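The values are calculated or read from the model by the stated rules, or taken from the named source; none is laboratory data. Just so it is clear, the structure is predicted and the values come from calculations on it, not from any experiment. Every residue, glycine as well, gets a Cβ built from its backbone with ideal geometry; the counts of neighbours run over all protein chains shown. Protein only, heavy atoms only, side chains kept; ligands, DNA and RNA dropped before computing areas. Shrake-Rupley method; radii C 1.70, N 1.55, O 1.52, S 1.80 Å.
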Amino acid sequence: MKATTTKETARAVRPVRAVRTVGGYSFRMNVRAALVVLLLAVVAAGAAIVLIGSGDFSMTPDEVLTTLFGHGTFQQEFIVKDLRLPRVLVGLLVGGALGAGGAVFQTISRNPLGSPDVLGFGQGATVGALTVIVLFQGGANEVAAGAVVGGLLTGLAVYLLAWKRGVHGFRLVLVGIGAAAMLTAATQYLITKANLVDATRAVVWMTGSLDGRDWAQVWPLLVVCAVLLPLVYGHGPALRVMEMGDDAAYALGVRVERTRLLLMGAAVLLVAVATAAAGPIAFVSLSAPQLARRLTRSTGPNLVASTFMGAALLLVADWVALDAFGDRQLPVGVVTGVLGGCYLVWLLVTERKAGRI
């Protein structure tokens with residue numbers, strides 16, 4: 001009985017296996033995490049196909065796939081490739097960027113509440129966008145640029161204010177919460193100063209939606225994700241070591257402040273660009289990393305799993321917003337806000353029972 005228990009324990013604590021390729025190379029792989037990522041990719045792909053086929057001109061999954069491979073009718077080609085596919089791609093990229101950004105910040109702060117939603121980066125992007133809308137009556141491109149600049153400036157300000165011989169998680173969270181409160185007040189002030197047309201436009205943007213997204217939003221998102229996500233993934237091992245504390249990370253050869261600054265900059269830019277493309281979509285960056293960690297049951301930042309979880313969550317939420325309320329379609333930000341609020345309450349209760357808050 002004792003030997004069996006020992007084997008079961010060893011099997012439970014060693015989920016990572018060594019995989020050898022044909023050329024003689026080998027690498028370590030967490031089998032459960034890989035299966036979770038594969039499952040989330042399937043869920044995201046299925047949700048994407050269902051979303052492309054949903055709407056006034058409904059299509060079956062077979063028709064969607066046929067059209068995507070270039071064998072649909074002219075009407076189907078136009079609806080799928082010009083109208084619905086860009087919306088779905090924006091949803092995938094925005095969800096993935098928010099999930100990865102949330103995983104980075106929760107790992108750096110070593111706090112499950114240390115997401116961009118709580119630390120004020122989304123609010124900073126919102127203030128930047130509303131400044132362009134209300135004060136300069138800018139167009140869509142100017143609003144997107146304002147959101148990116150606002151997010152980056154907020155990230156820089158929070159980093160500098162939280163700096164004291166390094167940036168530590170507890171201080172980062174406190175400074176971020178304060179910044180979020182001030183930026184929320186600035187948002188309300190800008191709305192009160194706007195005329196009716198600009199105020200309406202600002203409130204619609206603040207809700208967070210994938211409506212009307214086209215290829216003009218896809219390409220900048222794709223470029224940013226293609227550059228920053230591999231950069232973040234490449235620093236995953238260092239981020240895992242930093243979870244043990246700065247002293248241990250220094251002892252193991254990690255350049256802690258340089259790595260932290262680089263990852264925070266990449267995460268802020270991911271969140272800012274995602275917010276610029278779809279508006280401030282709440283709670284995806286908060287819930288995706290925690291859900292991914294619970295599915296993989298592995299320690300560390302779970303960056304890849306969080307990315308796919310964010311993409312799947314956003315597309316499923318968009319499908320719910322489109323089809324679950326009959327003819328009354330809701331912005332996806334409303335659905336993520338409701339679901340994320342319920343998740344936040346559950347997370348707070350769980351953390352309190354565990355004695356961590």
For D62 and E243, extending 7 Å from Cα along the Cα-Cβ vector and measuring point to point gives, in nm, a value of 4.6 nm
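Could you give the dipole magnitude of the chain about its Cα centre, charging the beta-carbon of Lys and Arg +1 and that of Asp and Glu -1, in debye to the nearest 20? Display every interim value, and only then the final one.
Numbers: 29 positive and 19 negative charges, 403 e Å.
With only Lys, Arg, Asp and Glu charged at Cβ, the dipole is about 1940 debye.
Convex hull over the Cα atoms of the range 104-219, averaged projected area in nm²? Before the final figure, lay out each step's value.
On the way: hull surface 31.1 nm².
In nm², the orientation-averaged hull projection of the range 104-219 is 7.8.
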Carbon/sulfur accessible area of the range 262-357, % of total, 1.4 Å probe, equals 66 percent
To the nearest 20 debye, the range 128-255 has a Cα-centred charge dipole, built from +1 on Lys and Arg Cβ and -1 on Asp and Glu Cβ, of 300 debye
Computed ³J(HN,Hα) along the range 103-114: with the Karplus parameters 6.51/-1.76/1.60, θ = phi - 60°, integer Hz and x for glycine or proline, the list is 5, 5, 5, 5, 6, 5, 7, 6, 8, x, 8, x
Over all directions, the chain yields a Cα convex hull whose mean projected area in nm² is 22.7 nm²
Expected vector for the range 96-102, Karplus 3J(HN,Hα) from phi with 6.51, -1.76, 1.60 and θ = phi - 60°, integer Hz, x for Gly and Pro, equals x, 5, 5, x, 5, x, x
Taking 172-183, 234-245 and ranking on average Cβ neighbours within 10 Å, highest first, one gets 172-183, 234-245
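Can you bin the range 182-251 into rounded, prolate or oblate? Criterion: square roots of the alpha carbon gyration tensor eigenvalues sorted a ≥ b ≥ c, rounded for a/c under 1.5, prolate for a/b above b/c, oblate for the rest. Kindly include the intermediate steps, with their values, before the conclusion.
On the way: a/c = 5.02, a/b = 1.78, b/c = 2.83.
Because a/c hits 1.5 or more and a/b fails to exceed b/c, the range 182-251 counts as oblate.
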Checked the range 208-333 with the C-alpha gyration tensor, a ≥ b ≥ c its square-rooted eigenvalues, rounded below a/c of 1.5, otherwise prolate if a/b is larger than b/c and oblate if not; verdict prolate
The set of residues whose placed amide H lies less than 5 Å from the amide H of N30, leaving out same-chain residues fewer than 5 positions away, is R17
In units of 2.2 N^0.38 Å, the Cα radius of gyration of the range 289-357 is 1.32
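Quick one: accessible area per residue over the chain, 1.4 Å probe, rounded to a whole number of Å²?
Working: 18230 Å² over 357 residues.
Computed with neighbouring chains in place, this is 51 Å² per residue.
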With the dipole of the chain defined by +1 on each Lys or Arg Cβ and -1 on each Asp or Glu Cβ, the option from L210, A278, G46 whose Cα lies farthest towards the positive pole is G46
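Report the relative contact order of the chain, percent, no decimals, based on alpha-carbon pairs under 8 angstrom and at least 6 residues apart.
On the way: 541 pairs, mean separation 94.7, N = 357.
Reported relative contact order: 27 percent.
Quickly rank 83-92, 47-56 as a protection proxy: mean count of other C-beta atoms within 10 Å, highest first.
Numbers: 83-92: 21.6, 47-56: 18.2.
The packing order, highest mean first, is 83-92, 47-56.
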